[in-house]
Amino acid sequence: MGNHLQCALAPMKGLTKPFFIRILRQLGTLPDIVVSEFLRVHPTSSIDLDIQELLKESQRRAYKLYIQLLGEDVASFTRIIHQLEDQYSFDGINLNFGCPMPKIYRKNVGGALLKNIDQLERILSAVRQSTSLALSVKMRVGFSDDRFFSKILELIEQYRIDILFLHARTVEERYSASVHYFYVAHAASQLTCPVFANGDIQNSEQAHQIQATTLCAGVMIGRAAIRYPWIFQEIIRTSPPTSFEISFRDVQNYISLIWEELCRQRSEIAAIHALKAFLKHIALGIDDHGKFLHDATRITHFHELQELLSFLEKRENCIYQNVPYPNLGTSSNPSRSE
Ligand SMILES: Cc1cc2nc3c(=O)[nH]c(=O)nc-3n(C[C@H](O)[C@H](O)[C@H](O)COP(=O)(O)O)c2cc1C
């Protein structure tokens, strides 16, 4: 890794599929680290096809690949890690201690582990012993408050975690509260390992500001990477931070790349449905009155997609915003996908 601010692509179930990483490569904007969307770990779980594809892709990788595991059963973690390591080459394991979706945390996994410190420690201990690869943790600052935050930092130190990715909100805050970056600063000051700030980082300038105020080692970017994939190239290539001029023509090309990939494996209807999950982020930088967003979230057929693309083509020299228009929000909250 170079001498720049380190950047990681956040895991996003349903979005950070292997094809998305291929598109990042095509656009010349790969991050330093990719954390896979979560692989659910339980006594009968197996390695799902998307994770397998990512593991195969990444044999030609120019980034470090961490496979994210989400579960509570210690024996299952050990089994899946051995299976992954026997079959594939990758850089490390990532543990999900932050998922805020009730259907997930009600099963005592993800964010729920932030209020069950004994189980969290059992997992850290077993996983640390099961792998000699790098071990990272992705977590929030707590479940409903920060009462265990300091204790968890001690465990992270004790079990020699290699990177902490900190989404600086509680589980109960989901995506609505503003991000409390001071927890990132606190973790960075306490831990030996690098700490990556996560949550609502929109562009390279903001990433560098957060680094300067928290002294974090890196940033992890989620939704902004879907909306504005060039963010990684901006962070890596420009110091002091400057924005690239991305035109509507570039955005049209980006949407077309996603569409081509989606059509390879899906029917038109299914591809349109999947594309909308990307468009609702991309639309936030197109027009401040939200017309593109309105139209994009309602498309049902290919001809409507063509209309959206021709809207961009007719304005091909317009400059795309690298932050969302304020009145459109950062993006709609994730619903069922996380
Ligand atoms: C659609 C969606 C799916 C997500 N899936 C995961 C996941 O599989 N594992 C995980 O740790 N976090 C997941 N997240 C959370 C992100 O990794 C990230 O922590 C969060 O979006 C905040 O970062 P951002 O503001 O840069 O998007 C998901 C988020 C979204 C929007």
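The values are calculated or read from the model by the stated rules, or taken from the named source; none is laboratory data. Every value quoted in this text rests on a predicted model; they were computed, and no experiment measured them. All Cβ positions, even for glycine, are placed from backbone atoms using ideal geometry, and neighbour counts span all protein chains on display.
Yes or no, residue by residue, for (1) of a type outside the set (Lys, Arg); (2) within 16 Å of the ligand (Cβ to nearest atom); (3) modelled with pLDDT of 95 or more:
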| residue | (1), (2), (3) |
| --- | --- |
| Ser89 | yes, no, no |
| Tyr105 | yes, yes, no |
| Ala112 | yes, yes, yes |
| Glu121 | yes, no, yes |
| Val137 | yes, yes, yes |
| Asp145 | yes, no, yes |
| Leu153 | yes, no, yes |
| Arg169 | no, yes, yes |
| Arg174 | no, yes, yes |
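When the residues of the range 244-287 are filtered to those that are β-branched (Val, Ile, Thr) and within 15 Å of the ligand (Cβ to nearest atom), which remaining residue is farthest from the chain's Cα centre (by Cα)? Let's see the steps before the verdict.
Going residue by residue through the range 244-287, those that are β-branched (Val, Ile, Thr) are 246, 251, 255, 258, 269, 272, 282, 286.
Still in the running and within 15 Å of the ligand (Cβ to nearest atom): 258, 282.
Working: Ile258: 17, Ile282: 16 Å.
Going through the qualifying residues, I end up with Ile258.
Every residue in the range 178-187 that is of a type outside the set (Phe, Trp, Tyr) and either within 13 Å of the ligand (Cβ to nearest atom) or surrounded by fewer than 24 Cβ atoms within 10 Å (Cβ to Cβ) (or both), please. Write out each step before concluding.
Let us first name the residues in the range 178-187 that are of a type outside the set (Phe, Trp, Tyr), namely 178-180, 184-187.
Ser178, Val179, His180, Val184, Ala185, His186 - these are the residues of the range 178-187 that are of a type outside the set (Phe, Trp, Tyr) and either within 13 Å of the ligand (Cβ to nearest atom) or surrounded by fewer than 24 Cβ atoms within 10 Å (Cβ to Cβ) (or both).
Residues to consider are Leu65, Leu84, Leu15, Leu27; find the one that is modelled with pLDDT of 95 or more, away from the ligand (no atom under 13 Å from the Cβ) and closer than 24 Å to Cys263 by Cα. Lay out the reasoning, then the answer.
On the way: Leu65 fails: closer than 24 Å to Cys263 by Cα; Leu84 fails: closer than 24 Å to Cys263 by Cα; Leu15 fails: away from the ligand (no atom under 13 Å from the Cβ).
Exactly one residue qualifies, and that residue is Leu27.
Go through the range 188-243 and give me each residue that's within 11 Å of the ligand (Cβ to nearest atom) and at positive phi.
Matches in the range 188-243: Gly199, Asp200.
Using the structure shown, decide if Glu57 is farther than 26 Å from Met101 by Cβ, more than 12 Å from the ligand (Cβ to nearest atom) and not aromatic (Phe, Trp, Tyr).
Numbers: farther than 26 Å from Met101 by Cβ: yes; more than 12 Å from the ligand (Cβ to nearest atom): yes; not aromatic (Phe, Trp, Tyr): yes.
In short, yes.
Given (1) in contact with a Leu (Cβ under 8 Å, 6 or more places away or on another chain); (2) at negative phi; (3) surrounded by fewer than 20 Cβ atoms within 10 Å (Cβ to Cβ); (4) of a type outside the set (S, T, N, Q), where does His273 come up short, assuming only one miss?
(1)
Which members of the range 30-46 meet the condition of being farther than 25 Å from Leu275 by Cα, assigned to a loop (DSSP other than H, G, I, E, B) and within 15 Å of the ligand (Cβ to nearest atom)? Reasoning before the result, please.
Within the range 30-46, the subset farther than 25 Å from Leu275 by Cα is 32, 41-46.
Now drop any that are not assigned to a loop (DSSP other than H, G, I, E, B), which leaves 32, 42-46.
Of everything in the range 30-46, just one residue is farther than 25 Å from Leu275 by Cα, assigned to a loop (DSSP other than H, G, I, E, B) and within 15 Å of the ligand (Cβ to nearest atom), namely Ser45.
Contact list please: Cβ distance under 6 Å, first residue in the range 11-35 and of a type in the set (Lys, Arg), second residue within 12 Å of the ligand (Cβ to nearest atom), pairs at least six apart or on different chains.
Lys13/Glu37; Lys13/Ser337; Lys13/Glu338; Lys17/Asp50
May I ask you to list the residues in the range 90-129 that are among the charged types (D, E, K, R) and under 15 Å from Arg140 (Cα atoms)? Give the steps one after another, and end with the answer.
Restricting attention to the range 90-129, the residues satisfying the condition of being among the charged types (D, E, K, R) are 91, 103, 106-107, 115, 118, 121-122, 128.
Matches in the range 90-129: Lys115 only.
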